[in-house]
Structures are given as structure tokens and as C-alpha cells.
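All of the numbers you see were taken from the coordinates with simple rules; none came from a lab. A quick note: this is a predicted structure, and the numbers were derived from the prediction, not measured. FYI the Cβ positions are ideal-geometry reconstructions off the backbone, even for glycines, and counts take in every protein chain you see.
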Amino acid sequence: MFDSLKNIGQLSQLMSKAGKLQEEMKKLQEQLGSKRITGDAGGGRVVATVNGRLELVELRIDRERMDAGNFDMLQDLVVAAVRTAQYNAAEQVRLEMQRLSAELGIPPEMLPQQP
């Protein structure tokens with residue numbers, strides 16, 4: 001009957017860590033919002049920049065290297081560059097979350113999952 005009560009101390013520690021995690025995640029989100037991560041397509045013909053919240057903040061197209069008449073290719077390159085930038089940013093977020101969970105001693109599966 002009392003076996004289930006022996007884990008109460010662990011629950012208290014976990015709740016304390018959860019509060020610290022919430023605090024640290026808020027700081028991390030602010031830091032990530034100011035990070036700029038790029039991705040390119042077409043050998044650098046199109047370069048997309050996103051922030052750590054995966055929001056597109058800049059798109060550059062090298063006009064000298066693009067065929068102005070090939071609109072379909074341009075559209076494909078824009079999509080590819082944005083996807084690459086978002087993937088790179090998501091990977092950085094994942095690594096930061098792993099680091100944070102290790103520092104706080106929280107199992108990674110308890111962290112919020114990124115989209």
C-alpha cells in the first residue's frame with residue numbers, strides 16, 4: 001500500500017525541474033527568435049533566411065544567375081530554399097532542447113515536441 005508513496009519525493013523534484021524548464025524555455029524562445037538560419041537552393045540562386053521560430057525573415061534571389069523566363073523553376077527554388085532553412089532551424093532548436101534537458105536532468109521525451 002505504501003509502495004506507491006515512495007515516489008512522491010521524485011515527483012516533487014520533477015515538478016521543481018518543470019518550473020525551471022519552463023523558465024529556461026522562455027529564455028530559449030527569446031534567443032531563438034533573434035537567431036538567423038539560412039538555407040539555399042539552386043547552388044545559391046535562392047537563399048532563404050528564417051529565425052529560430054521558423055518564420056521566414058528574408059529571401060534573396062540572385063537575378064544574374066536566374067533565367068527570368070523560367071518562373072516555375074524560380075517557384076520551386078524558393079520553396080526548396082525555405083524548406084532547407086526551416087529544417088536547419090528546427091535542427092538547431094532540437095539540439096538546444098537536448099542541451100537544456102541534459103543540463104536540467106530532464107528526460108528528452110518529457111520536452112515539448114517541435115513541429
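If packing is taken as the mean number of other Cβ atoms within 10 Å per residue, what is the order of 73-80, 48-55, highest first? Let's see the in-between values first.
Working: 73-80: 15.6, 48-55: 18.6.
Result, highest mean Cβ count within 10 Å first: 48-55, 73-80.
Taking K and R as +1 and D and E as -1, what net charge do the other residues with C-beta under 10 Å from the C-beta of ASP40 add up to?
In short, +1.
What does the highest-first list of 92-101, 22-31 look like by mean Cβ count within 10 Å? Working shown, then result.
Details: 92-101: 15.3, 22-31: 12.1.
Order by mean packing, descending: 92-101, 22-31.
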